[in-house]
1. Could you tell me whether any residue of the stretch 397-406 is acidic (Asp, Glu), crowded, with 17+ Cβ neighbours inside 10 Å and under 27 Å from residue 544 (Cβ atoms)?
2. I need every pair where a residue in the stretch 77-103 that is on the phi > 0 side of the Ramachandran plot has its Cβ under 9 Å from the Cβ of a residue that is open to solvent by less than 10 Å² (accessible area, probe 1.4 Å), sequence separation at least 6 or different chains.
3. Are any residues in the stretch 171-183 open to solvent by less than 60 Å² (accessible area, probe 1.4 Å) and not in a helix (DSSP H, G or I), and if so, which ones?
4. Looking only at residues that are modelled with pLDDT of 90 or more and part of a loop (DSSP other than H, G, I, E, B) in the stretch 160-170, which one is farthest from the chain's Cα centre (by Cα)?
5. Can you tell me how many residues within the stretch 1-32 are at pLDDT 95 or above, closer than 22 Å to residue 301 by Cβ and more than 10 Å from the ligand (Cβ to nearest atom)?
6. In the list 487, 515, which residue meets the criterion of being open to solvent by 10 Å² or more (accessible area, probe 1.4 Å), among the small types (Gly, Ala, Ser) and part of a helix (DSSP H, G or I)?
7. Among the residues of the stretch 268-319, how many are modelled with pLDDT of 95 or more and more than 24 Å from residue 215 (Cα to Cα)?
8. Can you name the residue in the stretch 539-581 that is closer than 17 Å to residue 523 by Cβ and of a type in the set (A, V, I, L, M) and is also surrounded by the fewest Cβ atoms within 10 Å (Cβ to Cβ) among such residues?
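The values are calculated or read from the model by the stated rules, or taken from the named source; none is laboratory data. On a predicted model such as this, the values are computed, not experimentally measured, just so you know. Note: ideal-geometry Cβ built from the backbone for every residue, glycine included; neighbour counts use all protein chains shown. SASA here: full protein model, heavy atoms, side chains in, ligands and nucleic acids out. Shrake-Rupley method; radii C 1.70, N 1.55, O 1.52, S 1.80 Å.
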Amino acid sequence: MNYNLAMSNQNTDHTPYYITTPIYYVNDRPHIGHCYTTLIADVAARAQRLIGRDVFFLTGTDEHAEKVSKTAAENDKTPYEWATINADRFKAAFDFMNFSNDDFVRTTEDRHKSKAVEYITQLKDAGIITLGDYEGWYDPSQEEYLTEMVAKENDFKSPVTGRDLEKRVEQNWFFDLPRYEPWLLEQIESDTIRVLPEARKNEVLGRLKQGLRPVPVSRQIKEGDADWGIQMPGDDSHRIYVWIEALCNYLTIVDNDERQKYWDGEVVHLMAKDIIWFHAIIWPAMLNALGKTPPQTVYAHAYWIAEGTKMSKSLGNFVEIDLLQAYAEKHSLDAVRWFLTTQGPLGANDSDFAHSRFVEVYNADLANSVGNSTSRVGNMFNKYFDGKVSGTCNGEFGFDNGTSLQTALIALENAGKKSDDPDRTYKIAEFTSQAVVNACDSLSKMDLDAMLDAGRSIVRHVDDFISFSAPFTLAKQLDTLEDGTHALSSILYSCGEALRIASLLLSPAMPEKMAELWRNWNCNHLVDPDDANSGFVAPLSELAKWNGDYGLKPGQEIIKGEALFMRADTKEPAPEIEPAS
Ligand code: ME8
């Protein structure tokens, strides 16, 4: 797909969209990192559905790792039992987070295993996977070999866990990665495979230019090994290396008649920086060898840290799903989703999960902004117009076009207050349509914070307009101002319609709260009642049209409802959770 075309044509882009997360190891429970990547994928998937695209969103679990069979043994379980316990924990966590994934793959499923074997067989038959000796620095904690240089740079310790590397010699099956070096260079440099953010692209290119080595794709089966993993086709003394098999999941799950269109569409792989090499280099090369197109985007975000410290097993300071649940109980799940999406490490820098920051962002963005603005406008409709939309307005306020703002300013003067800048004009309808364009452009660059900020900017604009036009002052003078009721109705319509459009842009991050607003404001016609997972009845370009088919209509009931977000007490400590067993 032409990227520039996609940017300018977002509203009419009908290319199917396929977004994936890493599949997570099931040796342990899910934590904030797993939830974060999957949340980012969920927000992107919901936003793409909102603009009208056919989306497939895949997440799942990576089960055949050695560390899974090891922890299973420590817990007196078979590897499969242990994998199932943890896969269920991942599924429960992702349900709790309200993720809209279309499928959840477990690599122990036949549908994955049979296809993975097919791919490896194809590469073996083509002579791209061959037998050879391998000597290298092995990181047992990550189950991967490191190059001599990376091993040296890290003092022969794992760059991820700090544990000692082991020198290992093995006879293995190898994938001929060097064969794809010029092709990879060209694909990444030309952004045919977009590696994002830019800093990560430069790192990958830097490492690529140092040269590539064949990649081992199997592990010798040793005595005492658990019976765990997929056997190498045609060689019962080896199993397929878990990483190679895991990468195949992105294809195995859509490699059928019904889902093929997603691989042929726009493919986006999301992950953190730790595993970018596998996704930006090894996997595209494998795809090329299989005669498949590579992904368009490989996006590697940075890491969450906790209260200023790197999270690690030894420190026991992982932000666990239980803590996210405790925050959600107190401030709503959507507040947690909002905080993680807008404050998370989407770019190249790590982000800190700190309680004080959560409360600050919650109050600033949600309680005092989105929540306050929607309840203020809802209340005014109720107080001044019996809880109904009273008339429409083109969303333009100035001195050349209409008297509404003039009337409002006269009301201010009558009340003994002066406006700072009486010549100011407000083109609210235009502002919202520009915000929608900005949101779509940001989405195509995977800049989800900027996408949501487009929604936030409308809310700020409405707040600013309310302060400027002071409808509550105007409302007190309806008997004396000839045009008062019309002016008040126009101001309220514009605020309401702008907030309705903002709510669409905010909905990918806060689907439940925005649905609550739509229920209160009788905007249920925006969504398909049979599809709770953000199925919209029309693309954003239609839904967000000012006073269009889906706009607020005169007579439409606006129920006051509860405030969407209650203000948080900044002095209250972080929620307490039971330590994990
Ligand atoms: O690597 N901050 O699985 P994994 C943000 N099975 N994200 C984090 C994070 C943090 N502190 N810690 C983990 C594997 N993540 C392989 C993947 S894919 C074919 C196979 C997230 O369970 C982030 O997405 O170790 C990271 O890439 C992933 O969890 C690693 O998950």
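1. Restricting attention to the stretch 397-406, the residues satisfying the condition of being acidic (Asp, Glu) are 400.
Narrowing the set further to residues that are crowded, with 17+ Cβ neighbours inside 10 Å leaves none.
Checked the stretch 397-406: no residue is acidic (Asp, Glu), crowded, with 17+ Cβ neighbours inside 10 Å and under 27 Å from residue 544 (Cβ atoms).
2. Short answer, once both residue conditions are applied: 98/42; 98/334; 98/337.
3. Correct list: 172, 173, 174, 175, 176.
4. To start, the set of residues in the stretch 160-170 that are modelled with pLDDT of 90 or more comprises 162-167.
Next, only the ones that are part of a loop (DSSP other than H, G, I, E, B) stay: 162-163, 165.
Details: 162: 30, 163: 32, 165: 34 Å.
Result: 165.
5. 3
6. Working: 487 fails: open to solvent by 10 Å² or more (accessible area, probe 1.4 Å).
Within the list 487, 515, the selection yields 515.
7. 4
8. 559
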